1. By average Cβ neighbour count within 10 Å, what is the ranking of 288-294, 229-235, 330-336, 168-174 from highest down?
2. Cα-based Rg (one decimal) and Dmax (whole number) for region 242-288, in Å?
3. Dipole size in debye (nearest 20) for region 1-86 around its Cα centre, Lys and Arg Cβ +1, Asp and Glu Cβ -1?
4. Taking one equal scatterer on every alpha-carbon of region 90-137, how large is log10 of I(q)/I(0) by Debye at q = 0.27 1/Å?
5. Considering the Cα trace of region 206-261, what is its radius of gyration and what is Dmax, both in angstroms?
6. I need to check one value: relative contact order of the chain, counting alpha carbon pairs closer than 8 Å and at least 6 residues apart, in percent.
7. How do the peptides 66-79, 207-220, 265-278 rank, highest first, by the average count of neighbouring beta carbon atoms within 10 Å per residue?
8. Given the options 142, 328, 237, state which has the largest fluctuation in a GNM of the chain using a 10 Å cut-off (strictly under) for Cα springs.
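The values are calculated or read from the model by the stated rules, or taken from the named source; none is laboratory data. Since this is a predicted model, take the numbers as computed values, not measurements. Note: ideal-geometry Cβ built from the backbone for every residue, glycine included; neighbour counts use all protein chains shown. Accessible surface areas use protein heavy atoms only, side chains included; no ligands, DNA or RNA. Shrake-Rupley method; radii C 1.70, N 1.55, O 1.52, S 1.80 Å.
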Amino acid sequence: MRAAVLREYNAPLSIEDVAEPTCPKDGVILKVMACGVCRSDWHGWTGEHPRVKPGQIGGHEYCGEVIEAGPLATHKVGDKLIAPFILSCGICPSCQEGHQNTCPNQRLPGFIEPGAFAEYVAVPFDHNLAHLPENLSPTVAAGLGCRVTTAWHALTGRAALQPGEWLAVHGTGGIGLSALLLGVAMGARVVVVDIVDEKLNHAKGLGAEAAVNATQGDVAAKIKEITGGGAHVSVEALGLPVTTNASIECLRPLGRHVQVGMPVGHTATMEINMSAVYLGNLALYGTRGMPPWKYPSLLALITSGRIDMSPLIAREIGLSGVSDELAAFNGPTPPGVAVITDFLS
């Protein structure tokens with residue numbers, strides 16, 4: 001099969017013919033229909049992600065059609081499925097308690113085992129996969145895999161965002177735009193933060209009530225002025241010290257900060273304004289991924305027409321275009337995300 005393989009950090013991926021995957025006993029082989037290109041892939045490409053090594057096939061935001069099913073698989077040949085990027089075992093205490101995204105036995109295609117920057121991908125623990133609704137395109141579905149599912153769990157499972165509350169979103173990449181769209185659908189008032197005016201204007205066109213350019217003064221002070229005292233919930237979507245502290249400092253008393261951006265490499269440990277946490281009686285939440293049992297609530301929101309996630313997708317690309325997308329994350333990116341839909345070019 002054709003695949004994009006990491007051979008050297010910070011270098012173009014190698015487009016190669018590699019062996020097709022072997023079907024797991026408890027899983028399936030998917031013919032990949034679409035796969036998103038995510039900032040998390042970039043962390044692996046740069047060498048900052050501790051689990052991604054040369055030889056890896058990336059890609060963790062995917063959907064596809066089952067072409068082979070193992071004897072213990074839940075799904076069958078012909079099923080069209082969406083995969084969360086964390087595949088949980090289903091039997092450990094974390095899974096039994098409904099916290100599958102914290103499963104200690106989790107499998108991670110795209111990070112530790114071969115992912116979906118390829119024509120086919122092996123998916124173990126296929127009980128995690130959800131059926132692709134007929135009225136949801138594979139392109140949009142692939143874009144849900146990491147950023148939208150993570151944002152959904154951050155807002156509903158962690159911060160418990162309520163209608164009428166102010167939501168601040170720091171960074172308007174894939175995660176940030178997802179949090180914006182979901183927040184608006186949930187009835188929140190959203191203020192977005194970025195350093196690119198084009199992305200801020202794009203976000204306002206998608207429902208953001210206000211936008212702050214982080215290069216133009218004290219972000220936290222501006223958000224407190226806009227919101228009349230501070231955001232109730234603030235989402236950090238980049239994993240950087242400056243945006244993390246701005247997210248914490250922009251909150252009103254009893255506010256909730258959600259760390260969605262992944263702090264890895266040189267940002268894995270950072271200085272935090274704990275005085276703001278102490279004085280404001282703030283709550284800090286970490287979040288990663290989404291338990292698969294939450295797919296029905298998210299998909300129902302989308303397929304019922306209450307929210308349109310298609311503005312998240314900026315461009316469809318071929319497999320050979322992944323390297324350019326990864327390199328683009330080295331600087332400010334344009335609005336929207338890229339999804340691979342052609343695996344032969």
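1. Numbers: 288-294: 20.0, 229-235: 25.6, 330-336: 14.4, 168-174: 28.0.
Highest-to-lowest ranking by the protection proxy: 168-174, 229-235, 288-294, 330-336.
2. 10.6, 32
3. On the way: 9 positive and 11 negative charges, 22 e Å.
With only Lys, Arg, Asp and Glu charged at Cβ, the dipole is about 100 debye.
4. With one equal scatterer per Cα and no solvent, log10 I(q)/I(0) is -1.04.
5. Cα only, region 206-261: 10.6, 28 Å (Rg, Dmax).
6. 19
7. Working: 66-79: 15.9, 207-220: 17.5, 265-278: 12.5.
Taking the mean over residues of other Cβ atoms within 10 Å, the ranking is 207-220, 66-79, 265-278.
8. 328
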